[in-house]
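Colleague: Can you keep this structure in mind? I'll have questions shortly.
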Amino acid sequence: MRTLQFQFEPEPPYDFARMHGRLRGVGHELYRHDENTLIRAIRVQGQVYLVLIRSEGETASPKLTVEAIPHPHNSGPNAECLAEVGAHLRRMLSIDISLAGLQEKLGVDDRLALLGRRYEGFRFILESDPFECMVKTIIGQQLNLSFAATLTRRLIEKASSPFEYKGAGYPVFPSPEQIASLQPEQLRELQFSVRKAEYVIDFARQVVAGTVSMKPAELAAKTNEQILTELTPLRGIGRWTVECFLMFGLGRPDLLPAADIGLRNALRQLYGLDHQPTEAEVRDLGRDWSPWSSYITYYLWESLNEKTLFT
DNA sequence: GGCCAGGCTAGCA
DNA sequence: TGCTAGCATGGC
């Protein structure tokens, strides 16, 4: 099978260096970094590819080249996948998002304007697919990020085999079938709580059984509220989890996860508050962020990594 | 040593 | 309908 080649020229600003930098941090165990190249395995309609993403431009004149190397075990005619892999990468890398309007939105508030200047062109790199996003989000509930990353890494090592390429092994996020075939005790051995082990496996089994759809095309046809209504009845999936899923899994631009501890801490820092704002206070502070609530939340999360930014 | 982590459920008033 | 203990463990 041949390597697929793609070139993307998103509308500026597009700050790939900062987007790449975020993926070097904790919680991004699926990525490998080779000089200025970002590498990971992705799954597109059941087929696995190793993608090498390289930036050859700058924030004001962005240009990305991507190679996608099909896994040797992929089956079926590869040619049909070219368009699908390309569309997958465009969505994952926020290529077709226009940020016009975001700076204007940020500009009405001095503190937010600071964020806007700092993170101009900083976009989401989405989780590779909705199933992966949901599993990682369930694992991340309530835990500190580093322990959540440890659990995710152990799950990947337990349930799937790495993509071997040029003498190195690249982790592949397990398929729904691979996670569905596990027993809760196997995740308990990895230091999952009993509950969390059940949530993750039950979710995978529902996806395999078809009672829950994680198909991108089907999810794309639904509103945020429809997806919230459908997914929150599942055990282990609450409002926060679906909000994160909509942001990082589907790239929906206008989510405000007002109960999120990280967002509350970031707002406390941004505005110099003497207490951690409540959920209601967060909704009030963010009442004018629409239709960019996800992006402003994203910038606020990022600001947590820079304690000196507002002091 | 104690409390909080980018929550959620079950069980109880 | 609303409140809270418990969850597993790491980090500060």
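Each reported figure results from applying straightforward, stated rules to the coordinates on display, with no laboratory input. Please read these numbers as outputs of a predicted model, since none were measured by experiment. We place every Cβ from the backbone using ideal geometry, glycine too, and count neighbours over all the protein chains shown.
Colleague: Taking A:Arg205 and the conditions (1) farther than 30 Å from A:Ser303 by Cβ; (2) away from DNA strand C (no atom under 16 Å from the Cβ); (3) among the charged types (D, E, K, R); (4) loosely packed, with under 15 Cβ neighbours inside 10 Å, which numbered condition does it fall short on, given that it satisfies the others?
Modeller: (4)
Colleague: Confirm whether A:Thr152 is closer than 19 Å to A:Arg32 by Cα and within 19 Å of the chain's Cα centre (by Cα). Let's see the steps before the verdict.
Modeller: Working: closer than 19 Å to A:Arg32 by Cα: yes; within 19 Å of the chain's Cα centre (by Cα): yes.
So A:Thr152 passes the test.
Colleague: Taking the conditions exactly as written (surrounded by 16 or more Cβ atoms within 10 Å (Cβ to Cβ), within 16 Å of DNA strand C (Cβ to nearest atom), of a type outside the set (Val, Ile, Thr) and in contact (Cβ under 8 Å) with a residue 60 or more places away in the chain), does A:Trp292 satisfy them or not? Give the derivation first.
Modeller: Values: surrounded by 16 or more Cβ atoms within 10 Å (Cβ to Cβ): yes; within 16 Å of DNA strand C (Cβ to nearest atom): no; of a type outside the set (Val, Ile, Thr): yes; in contact (Cβ under 8 Å) with a residue 60 or more places away in the chain: yes.
No: the conditions fail for A:Trp292.
Colleague: Something else about it: Within the stretch A:81-97, can one find any residue that is surrounded by 18 or more Cβ atoms within 10 Å (Cβ to Cβ), assigned to a loop (DSSP other than H, G, I, E, B) and either in contact with a helix residue (DSSP H, G or I) (Cβ under 7 Å, 6 or more places away or on another chain) or aromatic (Phe, Trp, Tyr) (or both)?
Modeller: The answer is no; no qualifying residue exists.
Colleague: Could you list, ordered by first residue, the pairs with Cβ atoms under 9 Å in which the first is in the stretch A:143-155 and over 18 Å from A:Ile201 (Cβ atoms) and the second is acidic (Asp, Glu) and more than 10 Å from DNA strand C (Cβ to nearest atom), at least 6 apart or interchain?
Modeller: A:Ala149/A:Glu29; A:Thr150/A:Glu29
Colleague: Give the number of residues within the stretch A:175-202 that are of a type in the set (Gly, Ala, Ser), assigned to a helix (DSSP H, G or I) and away from DNA strand C (no atom under 16 Å from the Cβ). I'd like the intermediate steps shown before the answer.
Modeller: Quick first cut of the stretch A:175-202, residues of a type in the set (Gly, Ala, Ser) only: A:175, A:180-181, A:193, A:197.
Add one more test, that the residue is assigned to a helix (DSSP H, G or I), and what stays is A:180, A:197.
Imposing the further condition that a residue be away from DNA strand C (no atom under 16 Å from the Cβ) reduces the set to A:180.
The number of residues fulfilling the criteria is 1.
Colleague: State whether one or more residues within the stretch A:224-238 are within 28 Å of A:His33 (Cβ to Cβ) and more than 14 Å from DNA strand C (Cβ to nearest atom). Let's see the steps before the verdict.
Modeller: Looking only at the stretch A:224-238, we keep the residues that are within 28 Å of A:His33 (Cβ to Cβ), and these are none.
No - not one qualifying residue is present in the stretch A:224-238.
Colleague: Please specify each residue of the stretch A:156-174 satisfying the condition of being touching a residue at least 40 places away in the same chain (Cβ under 8 Å) and assigned to a strand (DSSP E or B).
Modeller: Once the filter is applied, which keeps residues that are touching a residue at least 40 places away in the same chain (Cβ under 8 Å) and assigned to a strand (DSSP E or B), the stretch A:156-174 yields A:Phe163, A:Tyr165, A:Ala168, A:Tyr170.
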